[in-house]
Structures are given as structure tokens and as C-alpha cells.
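First comes the structure, then the notes that go with it.
The values are calculated or read from the model by the stated rules, or taken from the named source; none is laboratory data. Nothing here was measured: the structure is a model prediction, and the numbers come from that model. Cβ: placed from backbone, ideal geometry, glycine included. Neighbour counts: every protein chain shown. These accessible areas exclude ligands, DNA and RNA; they are computed on the full protein's heavy atoms, side chains included. Shrake-Rupley method; radii C 1.70, N 1.55, O 1.52, S 1.80 Å.
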Amino acid sequence: MGAVNNHATPTGKDDASLPEMPLAPHERVLEALAVISIGALCLTICISILSRAAGRSIIPDEVQWVELMMIVIITGPLAVTFAKRMSIGVEVFTAWATGSALRILAVLGHVTGLGFLSFLLWAVWRLLANAWQTGEYYKGVVDIPNWIGAALFLFCLAVAWGRLALMIVLDLKTEK
């Protein structure tokens, strides 16, 4: 899948775009897990709806399973999105920028994203530490520990944070 070039200049030239970055193996794994989770989520919802229509839900703790899958679906592909430069950009500035100006704007965007992800990582770290210390479980039949969801969330965010940090370094080194 190729990324859509959203950095075309007003004259129609797309020579100002920055290149996509190659994906690391763990980023590909998270992307694949997100795709698998979407399929599992659809299957879970279909089975739940059909079994409830037949009289009783046959999937224990379906809400908790869906919650865990949504963590991977949403945060798993973040690093891939950053690497392919498919995140939201303000084209008022980037459409007119070329060369080093475009790189500077990209780096500023990455630094801003890194700041937001840092706050999120800190909050999720506290959530994970609390879940680990309390040893709580989701209420239900299967007894899924709360720390599993927090650990998944933390791992996916940490990979995205690492990708953004790498993008800053690579964009500062890149000469166009």
C-alpha cells in the first residue's frame, strides 16, 4: 500500500514531499495484529448478535474482549501511520513549503506529536502500575487481568513514540 502524497505544491508538483520511512518488523507485526483484531472484532460482534437473537449470548465477557481488541486496532498501526507520513497535516503551510522548510515543518509536527504521546505514555504507565499493584480483573466469567489491556496500550504507544523520535532524527539528517 502506498501513501497518498498530501504534500503537493500549489503548482501541482509533488517534488516537495518527504519520503516514506521503511517499517521495522515490530511495526509490521502491530499492523498485522490490528488487521487480525478487526476480523476478530467483526466475528465477535456477529456471533454475539446472532446468539443473543437465539436467546443467549455464547461469548463470555464479550465487552472486555472487544475493549482489548480496540486497543490494538486503534493504537497498533500508529507507528505505521507515522512512517508512511499519513498523519493529519496542516496543508496551509505544507502545500507551499519546499525542501528544508518542509523538513522543518515536519520536524515541528513530530516534536508536537512526541510531546502529546509523552503525556499519554506517562498516563498509561500510571494506569499499568496501578493495575499491576491492585491485581484487579475485569468483572466477568473469564477473569481477564486489567494489566493486560494497559500493557498492550503502553507497548503500542511506546512503539509509536519511538517511530516519531526516529522520524525527527531522519528528517533532520535528510537533505532534499
| query | If the label point is 7 Å along Cα→Cβ of Met86, which residues in region 25-57 have backbone nitrogen under 18 Å from it? | reply | 25-39
| remark: At R0 = 41 Å the Cβ-Cβ FRET efficiency linking Glu20 and Asn130, nearest 0.05, sits at 0.60
| note | With label points set 7 Å from each Cα along the Cα-to-Cβ direction at Ser57 and Ile148, the distance between them in nm comes to 1.6
| request: Positive end of the charge dipole of region 81-176 (Lys, Arg +1 and Asp, Glu -1 on Cβ, about the Cα centre): tell me which of Cys156, Val141, Leu127 has its Cα farthest that way. | output: Cys156
| Which order do Ile38, Ile49, Ile71 take when ranked by solvent-accessible area (1.4 Å probe, heavy atoms of all protein chains), largest first? | Ile49, Ile38, Ile71
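Measure off, as a whole percent, the carbon and sulfur share of the 1.4 Å-probe accessible area of region 45-176, all protein chains present. Before the final figure, lay out each step's value.
On the way: 5730 of 8050 Å².
Answer for region 45-176: carbon and sulfur cover 71 percent of the accessible area.
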| said: So if I place +1 on the C-beta of Lys and Arg and -1 on the C-beta of Asp and Glu, and nothing else carries charge, what would the dipole magnitude of the chain be about its Cα centre? I want it in debye, nearest 20. | reply: 80
| task | Would you tell me the accessible area of Arg126, worked out with a 1.4 angstrom probe on the heavy atoms of the protein chains, in Å² to the nearest 10? | result | 140
| task | Quick one: pull the percentage of alpha-carbon pairs in the chain with a separation above 22 Å. | result | 56
